[in-house]
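The values are calculated or read from the model by the stated rules, or taken from the named source; none is laboratory data. On a predicted model such as this, the values are computed, not experimentally measured, just so you know. Cβ placement follows ideal geometry from the backbone for every residue including glycine, while neighbour counts extend to all protein chains displayed. Protein only, heavy atoms only, side chains kept; ligands, DNA and RNA dropped before computing areas. Shrake-Rupley method; radii C 1.70, N 1.55, O 1.52, S 1.80 Å.
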Amino acid sequence: MRVSILGATGSIGQSTIDLIRRQPERHDVVALTGGRNIAQLVRDARALKAQVAVTCYPGLYADLKAALSGTGIEAAAGPEALIEAAARPADWIMSAIVGAAGLAPGMAALGQGTTLALANKETLVCAGPLVMRTAKAAGATLLPVDSEHSAVFQALVGEDIGAVEKVIITASGGAFRDRPLGQLSGVTVAEASAHPNWDMGQRITIDSASMFNKALELIETREFFGVAPEQIEAVIHPESLVHALVQFRDGGLMAHLGAPDMRHAIGYALNWPERAHLPVPRVNLAEVGALTFRAPDEARYPALRLAREVMAAGGLAGAAFNAAKEVALDAFIAGRIRFTDMAPVVERTLTQMSSGDGLENAPLSLDKVLQIDALARVRAKEAIGTLMEPS
Ligand code: NDP
Ligand code: MG
């Protein structure tokens, strides 16, 4: 089958390539996209004999073009080129760009009625109803790749969504789950970038420590499965072996377990509806011994409360929430704000925008979502400015 990978040079992109390279005869690679990592993009484009390699940065076009010269592989650069690559006919497309930057290429991929494996959770957070509508109209298939959502999807095979009482997604609790609350304001970027269980890109790793990742995933659950916000729960599970549970109205719980290796969820989406042999570690429950769970403490993780408010508001609140979170995360990584300042920046942005910027009940279009995304970035930067003023 023809496959494309958006965000090929990232953590999810590389895991996807690992699986594809194990069965080269099964896959014809159409497009690979990346950002700054031109060397990796070129290596993979050559090895997989891609049709086209794209970097999102126009300034890197000359480097990419030079590195691909004589290979017959096309080179392209810039946001428009990403969208063009996503729209090239392919049977399976991995959406693994990080952030809201993945939305427009993902929509272009869906528009061609393909199967879209969705790792980029921001797509559903920013524009859930629009994405689901577009997929339906184009006859596209959307498969979740986020491990929790893949787990829920698998637990629902053959089940009636109407019989679902609750969807429970697990959270490791991130780098600071056992850190005394009073110390959180002083944590460093390096500490926040070290995940206890999963090996992921830096941004999602820091989002796991703050639980903004779980906040995005609560919203993603609502949008993907169409369940009501009050039916969705997050529970801390430090072992990261149970990825999600679905509770049915007869009281039964279906849990999905597996090693914390994203190649399971990626491989499930790649082979769906079949199951293929996958090179992931096997879980030995007797060796594991105990699985533990506890309720998340909202004082430690204010992002979870914000996610509830975003789900209640609906409309464009998700787009504003995500954009503000991205700006706050950038500021934390750059050392401009503290770890514990991220949630107040996002909260302030949402408050500012709900009084005047028309988040609720606005009709959802891609342009409108991108407009709110841009506006929320401005508001979040203002919020950071306010926060840094000497009081
Ligand atoms: P990475 O940061 O490792 O990779 C991101 C990819 O996107 C890279 O290919 C990067 O290029 C590219 N990229 C960065 N900025 C832009 C941009 N502005 N426009 C286009 N492309 C860009 O991220 P992850 O692989 O960790 O995550 C990807 C997505 O999957 C995220 O939405 C994340 O939340 C989600 N996800 C990730 C999981 C994981 O285990 N990593 C688990 C579940 C979900 P380059 O590196 O060349 O600059
Ligand atoms: Mg996840």
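For the stretch 13-67, the candidate set comprises residues that are in a strand (DSSP E or B) and without any contact (Cβ under 8 Å) to a residue 40 or more places away in the chain; within that set, the residue that is nearest to ligand 2 (Cβ to nearest atom) is Gly34.
Out of (1) within 16 Å of ligand 1 (Cβ to nearest atom); (2) open to solvent by less than 20 Å² (accessible area, probe 1.4 Å); (3) touching a helix residue (DSSP H, G or I) at 6+ places or on another chain (Cβ under 7 Å); (4) not hydrophobic (A, V, I, L, M, F, W, C), the odd one out for His27 is which? With (1) within 16 Å of ligand 1 (Cβ to nearest atom); (2) open to solvent by less than 20 Å² (accessible area, probe 1.4 Å); (3) touching a helix residue (DSSP H, G or I) at 6+ places or on another chain (Cβ under 7 Å); (4) not hydrophobic (A, V, I, L, M, F, W, C) applied to His27, the lone miss is (1). Being surrounded by 23 or more Cβ atoms within 10 Å (Cβ to Cβ), within 12 Å of ligand 2 (Cβ to nearest atom) and small (Gly, Ala, Ser) is true of Ala215.
Here's the yes/no breakdown for (1) in contact (Cβ under 8 Å) with a residue 60 or more places away in the chain; (2) of a type outside the set (A, V, I, L, M, F, W, C); (3) in contact with a strand residue (DSSP E or B) (Cβ under 6 Å, 6 or more places away or on another chain):
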{"residue": "His237", "(1), (2), (3)": "yes, yes, yes"}
{"residue": "Val246", "(1), (2), (3)": "yes, no, yes"}
{"residue": "Ala265", "(1), (2), (3)": "yes, no, no"}
{"residue": "Glu274", "(1), (2), (3)": "no, yes, no"}
{"residue": "His277", "(1), (2), (3)": "no, yes, no"}
{"residue": "Gly289", "(1), (2), (3)": "no, yes, no"}
{"residue": "Ala313", "(1), (2), (3)": "no, no, no"}
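Here Asp146 fulfils each of the conditions (1) in contact with a Lys or Arg (Cβ under 9 Å, 6 or more places away or on another chain); (2) more than 16 Å from ligand 2 (Cβ to nearest atom) apart from (2).
Of the helices (runs of 4 or more DSSP H) that lie entirely inside the stretch 282-358, those containing 3 or more residues that are of a type in the set (Val, Ile, Thr) span 342-354. Among the residues of the stretch 278-298, is there at least one that is modelled with pLDDT under 95, open to solvent by 40 Å² or more (accessible area, probe 1.4 Å) and over 30 Å from Thr141 (Cα atoms)? So far as the stretch 278-298 goes, yes, one or more of its residues are modelled with pLDDT under 95, open to solvent by 40 Å² or more (accessible area, probe 1.4 Å) and over 30 Å from Thr141 (Cα atoms). For the stretch 315-335, residues that are acidic (Asp, Glu), touching a residue at least 24 places away in the same chain (Cβ under 8 Å) and surrounded by fewer than 20 Cβ atoms within 10 Å (Cβ to Cβ) total 0. Sort out which residues of the stretch 202-212 are farther than 13 Å from Thr170 by Cα, more than 11 Å from ligand 2 (Cβ to nearest atom) and aliphatic (A, V, I, L, M), and write them in order of number. Selection gives Ile206, Ala209. When we screen Leu124, Leu142, Leu130 for residues that are on the phi < 0 side of the Ramachandran plot, surrounded by 13 or more Cβ atoms within 10 Å (Cβ to Cβ) and not in a helix (DSSP H, G or I), the only hit is Leu142. Any residue in the stretch 72-95 that is within 16 Å of ligand 2 (Cβ to nearest atom) and under 16 Å from Glu220 (Cβ atoms)? Checked the stretch 72-95: at least one residue is within 16 Å of ligand 2 (Cβ to nearest atom) and under 16 Å from Glu220 (Cβ atoms).
Here is the figure for the stretch 181-201: residues that are within 19 Å of Leu304 (Cβ to Cβ), outside any helix (DSSP H, G or I) and more than 16 Å from ligand 2 (Cβ to nearest atom) total 1.
When the stretch 78-107 is limited to residues that are open to solvent by 20 Å² or more (accessible area, probe 1.4 Å) and more than 10 Å from ligand 1 (Cβ to nearest atom), the one that is nearest to Ala228 (Cα to Cα) turns out to be Met107. For the stretch 205-222, the count of residues that are within 16 Å of ligand 1 (Cβ to nearest atom), assigned to a loop (DSSP other than H, G, I, E, B) and closer than 24 Å to Val3 by Cβ is zero. Just checking, how many residues over the stretch 147-169 are in contact with a Leu (Cβ under 8 Å, 6 or more places away or on another chain), open to solvent by 10 Å² or more (accessible area, probe 1.4 Å) and within 16 Å of ligand 1 (Cβ to nearest atom)? Result for the stretch 147-169: 1.
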